[in-house]
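Colleague: Handing you this structure, nothing more for now.
The values are calculated or read from the model by the stated rules, or taken from the named source; none is laboratory data. These numbers come from a predicted model, not from an experiment. Quick reminder, even Gly has a Cβ in these numbers, built from the backbone with ideal geometry, and neighbours come from all protein chains shown.
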Amino acid sequence: MKRNTEKKREQEKRVVSEMIALYCRRKHDSKGELCPECRTLQDYAFLRSDRCPFMETKTFCSNCRVHCYKPQMREKIREVMRFSGPRMFLYHPVMAIRHVVSSRAEKIKLKKTERRI
């Protein structure tokens, strides 16, 4: 189970890293490396992922009931996701499809769980 959790954690980090990189390239005209603002956001997202106590039972942060990001960082990551999400299908289609499928499955599972309660 521990190995599966680490795999999920690394997958989440890869997705968020690619989304931040795409955002930074297009919005901040960065070439190759992240700008300091985006590097800070990525480091923060990685830290939150590393410390997530729910990683074993969730897929992505967007499906989590507990939002552990500070308000300012939460708004920034939302901005990145809104921008990069649709564009991921062009730049990383397999990663984007995998993300959408697993997120939808998790949302359906959460709804079924809520109905039972």
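Colleague: Could you check how many residues of the range 57-69 are part of a helix (DSSP H, G or I) and either modelled with pLDDT of 80 or more or hydrophobic (A, V, I, L, M, F, W, C) (or both)?
Modeller: Our first condition is that a residue be part of a helix (DSSP H, G or I); within the range 57-69, this holds for 61-63.
Now restrict to residues that are either modelled with pLDDT of 80 or more or hydrophobic (A, V, I, L, M, F, W, C) (or both): 61.
Summing the residues that are part of a helix (DSSP H, G or I) and either modelled with pLDDT of 80 or more or hydrophobic (A, V, I, L, M, F, W, C) (or both) in the range 57-69 gives 1.
Each row is one residue, and each column tells you yes or no for (1) modelled with pLDDT under 95; (2) surrounded by 17 or more Cβ atoms within 10 Å (Cβ to Cβ); (3) of a type in the set (S, T, N, Q); (4) more than 21 Å from Tyr23 (Cβ to Cβ).
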| site | (1), (2), (3), (4) |
| --- | --- |
| Arg48 | yes, yes, no, no |
| Phe54 | yes, no, no, yes |
| Glu79 | no, no, no, no |
| Pro86 | yes, no, no, no |
| His99 | yes, yes, no, no |
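Colleague: Given the residues Glu12, Glu75, Glu18, Glu79, which is the only one that is within 25 Å of Val101 (Cα to Cα), touching a residue at least 60 places away in the same chain (Cβ under 8 Å) and among the acidic types (Asp, Glu)? Before you say what the answer is, go through the steps one by one.
Modeller: Working: Glu12 fails: touching a residue at least 60 places away in the same chain (Cβ under 8 Å); Glu75 fails: touching a residue at least 60 places away in the same chain (Cβ under 8 Å); Glu79 fails: touching a residue at least 60 places away in the same chain (Cβ under 8 Å).
The unique qualifying residue is Glu18.
Colleague: Return the residues of the range 21-56 that are farther than 15 Å from Ser84 by Cα, assigned to a helix (DSSP H, G or I) and of a type in the set (A, V, I, L, M); say none if nothing qualifies.
Modeller: Ala45, Leu47
Colleague: Okay, next question. Consider Glu56 carefully, then state whether it is touching a residue at least 24 places away in the same chain (Cβ under 8 Å) and among the acidic types (Asp, Glu). Talk me through it step by step, then tell me what you get.
Modeller: Values: touching a residue at least 24 places away in the same chain (Cβ under 8 Å): yes; among the acidic types (Asp, Glu): yes.
So Glu56 passes the test.
Colleague: Which residues, taken from the range 10-46, are among the charged types (D, E, K, R), surrounded by fewer than 16 Cβ atoms within 10 Å (Cβ to Cβ), farther than 19 Å from Leu90 by Cβ and under 13 Å from the mean Cα position of the chain (by Cα)?
Modeller: Glu10, Lys13, Asp43
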